[in-house]
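Engineer: Structure in structure tokens, see below.
Since every read-out is calculated from the coordinates, none of them should be taken as a lab result. In this text the structure is predicted, and so the values were computed from the model without any measurement. Quick reminder, even Gly has a Cβ in these numbers, built from the backbone with ideal geometry, and neighbours come from all protein chains shown.
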Number of protein chains: 2
Amino acid sequence: MKLDFSVAVHSLLYLDAHRPNKVSSRELAQSLHLNPVMIRNILSVLHKQGYLIGTVGKNGGYQLEKALTEMNLGDLYDLTIPPTLSYARFITGHSGTDDEATESPIAANISETLTDLFTVADRQYRAYYHQFTMADLQRDIEHHGTFLAKERGLDS
Amino acid sequence: MKLDFSVAVHSLLYLDAHRPNKVSSRELAQSLHLNPVMIRNILSVLHKQGYLIGTVGKNGGYQLEKALTEMNLGDLYDLTIPPTLSYARFITGHSGTDDEATESPIAANISETLTDLFTVADRQYRAYYHQFTMADLQRDIEHHGTFLAKERGLDS
């Protein structure tokens, strides 16, 4: 879900801004105006992947384990919004129960064609995010327009 | 919805394969294994945009108005899956009721940054589809692998 990506990114920026303090999931939830359970689920994924360390108990909390420059935005996107494994529900055509002999060549082949098209489009979409790190995103927070400027640069 | 794009593309290929015959929405629905109402809704959009002509009554039906080479795949994508106008529900941070003075700089600015990021990513995603016409898609139906081969060509 796209919101998961936004929550991950926002949490990492917040933890970075509060280095070297430990930050509780409750504090993060308050700052992001979100349910603490949702925050904890996403922090748990980031924790497993080594983005942060967590300590429990009184004075416990989360701290970043890496610099923002070491956090690739595409990796975070793939982690929080995994690629679609099957486009079956988005595609018409061949169903397993059809008699293939009587099926039209279009119905028999459109699934493979659209799966290829959607798969390549999705890979190129993700490649866009992989160009950036969390440090680029932080730069845009401080001074809006860097992503738009880069796009204009590509066009010219 | 991505399925709408697939239905539009499949319908156009079917109508192309049956030129110069008129095809009823019932026949299309049977071939695509879909509800005739869904087919009619999508054909109505394609009709309004001049992709096909429809005649009513006995012997009525749909016929293509253009050649497949004149149908851009990105135009069809934009038509059936319009761009997201607001990413608000995918983004954390500033809410209208916050006291801006007490809000953190991250929460105050992340919405604009993520909106820019998502908007540019989506525009580049759509640009991928705009490279192709329905004739390219038909070619892949007849001989799978053209989209994958083009992707490999870009990489090398």
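Engineer: Relative to the Cα centre, what is the charge dipole magnitude of chain B, using +1 at the beta carbon of each Lys and Arg, -1 at the beta carbon of each Asp and Glu, and rounding to the nearest 20 debye?
Structural biologist: Result for chain B is approximately 1080 debye, rounded to the nearest 20.
Engineer: Just from its helices, what would the mean residue ellipticity at 222 nm be for chain B, if runs of 4 or more DSSP H residues each count -39500 (n - 2.57) and the sum is divided by every residue, rounded to the nearest 500 deg cm²/dmol?
Structural biologist: On the way: 7 runs with 90 residues, N = 156.
One gets -18000 deg cm²/dmol as the mean residue ellipticity at 222 nm.
Engineer: Could you tell me which of B:Ala108, B:Ala127, B:Phe5 has its Cα farthest along the dipole of chain B towards the positive end, charges placed at Cβ (Lys, Arg +1; Asp, Glu -1), taken about the Cα centre?
Structural biologist: Selected residue: B:Phe5.
Engineer: Next question, about the same structure. With each label point set 7 Å from Cα along the Cα-Cβ vector, what nm distance links B:Gln124 and A:Glu70?
Structural biologist: 2.5
Engineer: Sticking with this structure for a sec: If packing is taken as the average count of other Cβ atoms within 10 Å, what order do B:112-118, A:78-84 fall into, highest mean first?
Structural biologist: Numbers: B:112-118: 21.4, A:78-84: 14.4.
Highest mean packing first, the order is B:112-118, A:78-84.
Engineer: Which distances, in nm and shortest first, link the B:Gln131 label point to the same label point in every other copy, taking 7 Å along Cα→Cβ?
Structural biologist: 1.4
Engineer: Run through the other copies and list how far each one's label point is from that of A:Gly74, in nm with one decimal, shortest first; the point sits 7 Å from Cα along Cα-Cβ.
Structural biologist: 2.1
Engineer: So if I place +1 on the C-beta of Lys and Arg and -1 on the C-beta of Asp and Glu, and nothing else carries charge, what would the dipole magnitude of the protein assembly as shown be about its Cα centre? I want it in debye, nearest 20. Write down the numbers at each step before the final one.
Structural biologist: Values: 28 positive and 38 negative charges, 97 e Å.
Approximately 460 debye in magnitude.
Engineer: Pick out which of A:Gly57, A:Gly145, A:Gly74 has the largest mean-square fluctuation in a Gaussian network model of chain A, springs linking Cα atoms closer than 10 Å.
Structural biologist: Its mean-square fluctuation being the largest, the pick is A:Gly57.
Engineer: Follow-up. Please find, in a Gaussian network model of chain A (springs between Cα atoms separated by less than 10 Å), the residue of A:Ser25, A:Ser86, A:Ser104 whose mean-square fluctuation is greatest.
Structural biologist: Result for chain A, Cα springs under 10 Å: A:Ser104 fluctuates most.
Engineer: Sequence-distant or interchain residues sharing an amide H contact under 5 Å with A:Thr133, placed H: which?
Structural biologist: Correct list: A:Leu73.
Engineer: Once the label point is placed 7 Å from Cα along Cβ, list for B:Pro36 the distances to the corresponding points in the other copies, in nm, shortest first.
Structural biologist: 5.7
Engineer: Would you mind calculating the relative contact order of chain A from Cα pairs under 8 angstrom and at least 6 residues apart, reporting the percent as a whole number? Don't skip to the answer; put the middle values down first.
Structural biologist: Details: 145 pairs, mean separation 38.1, N = 156.
The value is 24 percent.
Engineer: In addition: At a 10 Å Cβ-Cβ cut-off, how would you order B:Val23, B:Val9, fewest neighbours first?
Structural biologist: B:Val23, B:Val9
Engineer: Right, something else. What stretch of chain A, leaving out the sites themselves, is the longest with no trypsin sites (Lys or Arg not before Pro) in a DSSP loop having at most 14 other Cβ atoms within 10 Å? Kindly include the intermediate steps, with their values, before the conclusion.
Structural biologist: Details: sites that count: A:Lys58, A:Lys66.
Within chain A, the longest run free of exposed trypsin sites (Lys or Arg not before Pro) spans A:67-156.
Engineer: Another question, then. Tell me which of A:Val56, A:Ile42, A:Tyr14 sits at the most positive position along the dipole axis of the range A:1-84, charges placed on C-beta atoms (Lys, Arg +1; Asp, Glu -1).
Structural biologist: A:Val56
Engineer: Using a Cα distance threshold of under 24 Å, what count of lysine pairs results for chain A when pairs must be 8 or more residues apart or interchain?
Structural biologist: 9
Engineer: Also, I was wondering about something else. What average count of beta carbons from other chains do you get within 10 Å of the Cβ of residues in A:117-130?
Structural biologist: Values: counts 14, 5, 3, 7, 10, 2, 2, 7, 6, 2, 4, 7, 3, 0.
Going residue by residue through A:117-130 and averaging, the value is 5.
Engineer: Applying the Karplus parametrisation 6.51 cos²θ - 1.76 cosθ + 1.60 with θ = phi - 60° to the phi angles of the range B:103-119, what ³J(HN,Hα) value in whole Hz is obtained for each residue in order, glycine and proline being reported as x?
Structural biologist: Ordered by residue, 3J(HN,Hα) equals 6, 6, x, 5, 4, 6, 10, 5, 4, 5, 4, 5, 4, 4, 4, 5, 5 Hz.
Engineer: Could you compute Rg(Cα) / (2.2 N^0.38 Å) for the protein assembly as shown, with N its residue count?
Structural biologist: Numbers: Rg = 23.8 Å, N = 312, 2.2 N^0.38 = 19.5 Å.
That works out to 1.22 for the protein assembly as shown.
Engineer: Residue by residue through the range A:77-86, which ³J(HN,Hα) values in whole Hz follow from phi under the Karplus form 6.51 cos²θ - 1.76 cosθ + 1.60 (θ = phi - 60°), with glycine and proline marked x?
Structural biologist: For the range A:77-86, the Karplus curve yields 5, 5, 5, 8, 10, x, x, 5, 7, 9 Hz.
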